[in-house]
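First comes the structure, then the notes that go with it.
The values are calculated or read from the model by the stated rules, or taken from the named source; none is laboratory data. None of the values given here were measured: they were computed from a predicted structure. All Cβ positions, even for glycine, are placed from backbone atoms using ideal geometry, and neighbour counts span all protein chains on display. The accessibility values were calculated without ligands, DNA or RNA, using every heavy atom of the protein model including side chains. Shrake-Rupley method; radii C 1.70, N 1.55, O 1.52, S 1.80 Å.
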Amino acid sequence: MHTDLLINGKLVPGEGAEETIVNPATGVALVKVKEASVAQINAAVEAASKAFDMWGRTTPQERSLLMLKLADRIEQAATEFAQLESLNCGKPYARALNDEIPGIVDCFRYFAGAARCMHASATDEYIANHTSMIRRDPIGVVASIAPWNYPLMMAAWKIAPALAAGNTVVLKPSEMTPLSTLKLGELLAEIFPKGVINIVHGRGDTVGSPLINHAAVRMISVTGSMATG
């Protein structure tokens, strides 16, 4: 069982209250996971904010190659991810392995391709002799909260498009089903630059709310500087 958080490229234990993770099909306790402290939440958001200065300027090729590498690693560890998903969600192992994992892998591969296809459209000349363009730019730190069902699939849906666009991410999986996402953190730590993707664990009132509030402040700061830059 993987119980560490991912903060600024490092796998660290949570410093908050313990949550007992159970198999809902049997009621059997699987493991205890400590949630992130407020200090760790702040550290994750600050790490994502600092990493954005670099990650937001990477080329589509660089982002695409890293996401393809992640997809390959998930595919190679398919049975382990499926076992975690089956235990933590109480769902059939065969469905997790044969339905969900391929979809998760494909999600990352799809957005790896999409990263190379973002384009800017030309619009009318609103001022004579000047061409107007619609630009697609990353905007900063994305705070994402995933629900309890299909936890790894939901994590992929939230992480992949944000990273492909050049944003950085702090993700909180459901406190009830975090195990496959915490396992994913090990791969993310190996593949992506520190701070680009962070994973914190905990309940909505103790982790989700502080995360959203802090990320919103950082987002306003980043978008404000981009608007004036």
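Go over the candidates Lys10, Lys32, Lys69 one by one and state the one that is closer than 15 Å to Met176 by Cβ and of a type in the set (Lys, Arg).
Working: Lys10 fails: closer than 15 Å to Met176 by Cβ; Lys69 fails: closer than 15 Å to Met176 by Cβ.
Result: Lys32 is the single residue among Lys10, Lys32, Lys69 that is closer than 15 Å to Met176 by Cβ and of a type in the set (Lys, Arg).
Restricting the search to segment 13-38, which residues are without any contact (Cβ under 8 Å) to a residue 40 or more places away in the chain, open to solvent by 40 Å² or more (accessible area, probe 1.4 Å) and either closer than 20 Å to Val169 by Cα or not aliphatic (A, V, I, L, M) (or both)?
Pro13, Glu15, Glu18, Thr20, Gly27, Lys32
Okay, residues lined up against (1) farther than 30 Å from Ala25 by Cα; (2) touching a residue at least 40 places away in the same chain (Cβ under 8 Å):
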{"residue": "Leu97", "(1), (2)": "no, no"}
{"residue": "Glu100", "(1), (2)": "no, yes"}
{"residue": "Gly103", "(1), (2)": "no, yes"}
{"residue": "His130", "(1), (2)": "yes, no"}
{"residue": "Ile134", "(1), (2)": "yes, no"}
{"residue": "Trp157", "(1), (2)": "no, yes"}
{"residue": "Pro173", "(1), (2)": "no, no"}
{"residue": "His201", "(1), (2)": "no, yes"}
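Can you find a residue that is surrounded by fewer than 15 Cβ atoms within 10 Å (Cβ to Cβ), farther than 22 Å from Ala47 by Cα and of a type in the set (D, E, K, R) anywhere in segment 100-114?
Yes, segment 100-114 contains a residue that is surrounded by fewer than 15 Cβ atoms within 10 Å (Cβ to Cβ), farther than 22 Å from Ala47 by Cα and of a type in the set (D, E, K, R).
Select from segment 127-151 the residues that are in contact with a Gly (Cβ under 8 Å, 6 or more places away or on another chain) and either farther than 23 Å from Ala162 by Cβ or of a type in the set (Val, Ile, Thr) (or both) and list them in ascending order. Step through it out loud before you land on a result.
Going residue by residue through segment 127-151, those that are in contact with a Gly (Cβ under 8 Å, 6 or more places away or on another chain) are 137-138, 140, 145.
Residue satisfying the conditions is Ile145 alone.
Could you list all residues from segment 163-172 that are more than 18 Å from Gln61 (Cβ to Cβ) and either touching a Leu at 6+ places or on another chain (Cβ under 7 Å) or surrounded by fewer than 22 Cβ atoms within 10 Å (Cβ to Cβ) (or both)?
We begin by selecting, within segment 163-172, every residue more than 18 Å from Gln61 (Cβ to Cβ); these are 168-172.
Matches in segment 163-172: Val169, Val170, Lys172.
Please go through segment 51-70 and give me each residue that is surrounded by fewer than 17 Cβ atoms within 10 Å (Cβ to Cβ), part of a helix (DSSP H, G or I) and of a type outside the set (A, V, I, L, M), ordered by number.
Asp53, Gln61, Glu62, Lys69
Taking segment 39-50, which residues are open to solvent by 20 Å² or more (accessible area, probe 1.4 Å) and either β-branched (Val, Ile, Thr) or over 18 Å from the mean Cα position of the chain (by Cα) (or both)? So that I can check it myself, show each step before the final result.
Initial filter on segment 39-50 (open to solvent by 20 Å² or more (accessible area, probe 1.4 Å)): 39, 42-43, 46, 50.
Scanning segment 39-50 gives a single hit, Ala39.
For Tyr93, only one of the following conditions fails: (1) surrounded by 17 or more Cβ atoms within 10 Å (Cβ to Cβ); (2) under 20 Å from Pro151 (Cα atoms); (3) among the aromatic types (Phe, Trp, Tyr). What is its number?
(1)
Before we move on, is Ala82 among the small types (Gly, Ala, Ser), within 16 Å of Val196 (Cβ to Cβ) and at pLDDT 95 or above? Don't jump to the end; show me each part of the working.
Working: among the small types (Gly, Ala, Ser): yes; within 16 Å of Val196 (Cβ to Cβ): no; at pLDDT 95 or above: yes.
Taking the combined requirement at face value, the residue does not satisfy it.
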